[in-house]
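Structure first, then comments.
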Amino acid sequence: PRTPVNVTVTGAAGQIGYALLFRIASGHLLGPDTPVRLRLLEITPALSAAEGTAMELDDCAFPLLSGIDISDDPNVAFDGANVALLVGARPRTKGMERGDLLEANGGIFKPQGKAINDHAADDVKVLVVGNPANTNALIARAAAPDVPAERFTAMTRLDHNRALSQLSKKTGVPVSEIRRLTIWGNHSATQYPDIFHAEVAGKNAAEAVADEQWLANEFIPTVAKRGAAIIEARGASSAASAANAAIDHVHTWVNGTPDGDWTSMAVPSDGSYGVPEGLISSFPVTTAGGEYRIVQGLDVNEFSRTRIDASVTELTEEREAVRALGLI
Ligand code: NDP
């Protein structure tokens, strides 16, 4: 039998954690031949809830689940981690200033970055889901100087999947026949879902849609504000779709993108497309052999340039703010 892969999940007792853990344990993260050991991190008051989830995981008798450890100490939870899913974060509450939010999250992601630095496996891959995800990933990365920077990523795959679905509805083409869609920038309301390089059933998506009004006033805002629309409709934030996107992100990173397609991941910028180096910003990426590459050489038109720049400016401001707080 193969050695189990250690998967650490933070905020394991939360909503997304509840939707995520069962799919990891049933083999959807790493495939049907890879046993996993779950290492759950929670804050002390939520340990009991995490125990409850672990009891349910036991009750599923998943053949691939080789064990579950629960801790409130990041040094324990990240010990030997091969995959780290950073889901737990401090949500913005009413009346909270952005600086307070960044500071509260710094208190979470800085020690977690250090624990990853000191204890995770050499091949660790990190995905940050907890918001503000891009900047939380930046904080964790800065606290982990011994881990290659490119292992720290943040999630825009849910935005990517939302965009695929909206484009499919508009064109009547199934999502399986849509390729090369891109989310650029920050996982926030400024994100830019780009269909200018996308293909629907082999045709250029922007040409197939031929409706700039729809693109600017419906598609982009619908994708960017989908989270709020779900809270409004469901009375709770998106959890199953967020968990699904986290699974997709890691699965694609490990198993590769199909030939001729790409996906969206927020990764440390190498300066591509004018995004300042080091910012964790979403790009079109291909993956192979457990590594990703930013797709190079795409033409960025005026419409896209303005929107990418706006989102990147927001990321730059978040970086300045956490720098001023001494978090990076
Ligand atoms: P959720 O599980 O619903 O969400 C967790 C995080 O994911 C939030 O920051 C949320 O951001 C973010 N997120 C990213 N994308 C999405 C999306 N598309 N839809 C919804 N959320 C998204 O939160 P819960 O409050 O249910 O659970 C959080 C858990 O984390 C709690 O159990 C808490 O105890 C724990 N926690 C653990 C920590 C640790 O392990 N050290 C530290 C802090 C908290 P947003 O709120 O902006 O939507």
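What is the one condition in (1) closer than 18 Å to Arg319 by Cβ; (2) within 10 Å of the ligand (Cβ to nearest atom); (3) assigned to a loop (DSSP other than H, G, I, E, B); (4) in contact with a strand residue (DSSP E or B) (Cβ under 8 Å, 6 or more places away or on another chain) that Ala144 does not satisfy?
(2)
Let me confirm something: among Gly99, Gly106, which residue is in contact with a Leu (Cβ under 8 Å, 6 or more places away or on another chain), surrounded by fewer than 17 Cβ atoms within 10 Å (Cβ to Cβ) and either under 23 Å from Thr190 (Cβ atoms) or touching a residue at least 40 places away in the same chain (Cβ under 8 Å) (or both)?
Selected residue: Gly99, the only one of Gly99, Gly106 that is in contact with a Leu (Cβ under 8 Å, 6 or more places away or on another chain), surrounded by fewer than 17 Cβ atoms within 10 Å (Cβ to Cβ) and either under 23 Å from Thr190 (Cβ atoms) or touching a residue at least 40 places away in the same chain (Cβ under 8 Å) (or both).
Tally time: how many residues in segment 109-128 are open to solvent by 20 Å² or more (accessible area, probe 1.4 Å) and under 13 Å from the mean Cα position of the chain (by Cα)?
Total meeting the criteria: 1.
Report, by residue number, each residue of segment 165-198 that is without any contact (Cβ under 8 Å) to a residue 60 or more places away in the chain, open to solvent by less than 30 Å² (accessible area, probe 1.4 Å) and under 15 Å from Phe219 (Cα atoms).
Those that are without any contact (Cβ under 8 Å) to a residue 60 or more places away in the chain, open to solvent by less than 30 Å² (accessible area, probe 1.4 Å) and under 15 Å from Phe219 (Cα atoms): Leu167, Ser168, Pro193, Ile195, Ala198.
So in segment 22-56, with the set limited to residues that are within 16 Å of Asp248 (Cβ to Cβ) and open to solvent by less than 30 Å² (accessible area, probe 1.4 Å), which one is nearest to the ligand (Cβ to nearest atom)?
My answer is Ile24.
Specify which of the listed residues (Asn131, Asn161) is within 14 Å of the ligand (Cβ to nearest atom) and in contact with a Pro (Cβ under 8 Å, 6 or more places away or on another chain).
On the way: Asn161 fails: in contact with a Pro (Cβ under 8 Å, 6 or more places away or on another chain).
On inspection, the qualifying residue turns out to be Asn131.
Within the set of pairs 6 or more residues apart or between chains, which connect a residue that is closer than 11 Å to Leu127 by Cα inside segment 71-88 to a residue that is near the ligand (Cβ under 8 Å from one of its atoms) and open to solvent by 10 Å² or more (accessible area, probe 1.4 Å) with Cβ atoms less than 7 Å apart?
Cβ pairs passing all conditions: Leu85/Val129; Leu86/Gln112; Leu86/Val129; Val87/Gly11; Val87/Gly14; Val87/Ile16; Val87/Val129.
May I ask you to say which residue of Asn131, Asn136 is surrounded by fewer than 24 Cβ atoms within 10 Å (Cβ to Cβ) and either among the polar types (S, T, N, Q) or in contact with a Cys (Cβ under 9 Å, 6 or more places away or on another chain) (or both)?
Numbers: Asn136 fails: surrounded by fewer than 24 Cβ atoms within 10 Å (Cβ to Cβ).
One residue alone meets the criteria, Asn131.
Which residue is surrounded by the most Cβ atoms within 10 Å (Cβ to Cβ), if the candidates are limited to segment 220-272 and must be within 12 Å of the ligand (Cβ to nearest atom) and not in a helix (DSSP H, G or I)?
Looking at the filtered set, the residue picked out is Ala266.
Could you please tell me which pairs satisfy a Cβ distance under 6 Å, a separation of 6+ or placement on different chains, a first residue in segment 225-241 that is under 11 Å from Leu158 (Cβ atoms), and a second residue that is of a type in the set (Lys, Arg)?
From segment 225-241, the pairs are Arg226/Arg162.
Scan segment 57-90 for residues that are within 20 Å of Arg141 (Cα to Cα) and away from the ligand (no atom under 15 Å from the Cβ) and jot them down. Explain how you work it out, then say what you get.
Within segment 57-90, the subset within 20 Å of Arg141 (Cα to Cα) is 73-90.
Matches in segment 57-90: Gly80, Asn82, Val83.
The values are calculated or read from the model by the stated rules, or taken from the named source; none is laboratory data. This one's a predicted model, so the numbers in the text were calculated from it and none came from an experiment. With ideal geometry, Cβ positions are generated from the backbone for all residues, glycine too; neighbour counts draw on all protein chains shown. Areas reflect the complete protein model, heavy atoms only, side chains present, ligands, DNA and RNA absent. Shrake-Rupley method; radii C 1.70, N 1.55, O 1.52, S 1.80 Å.
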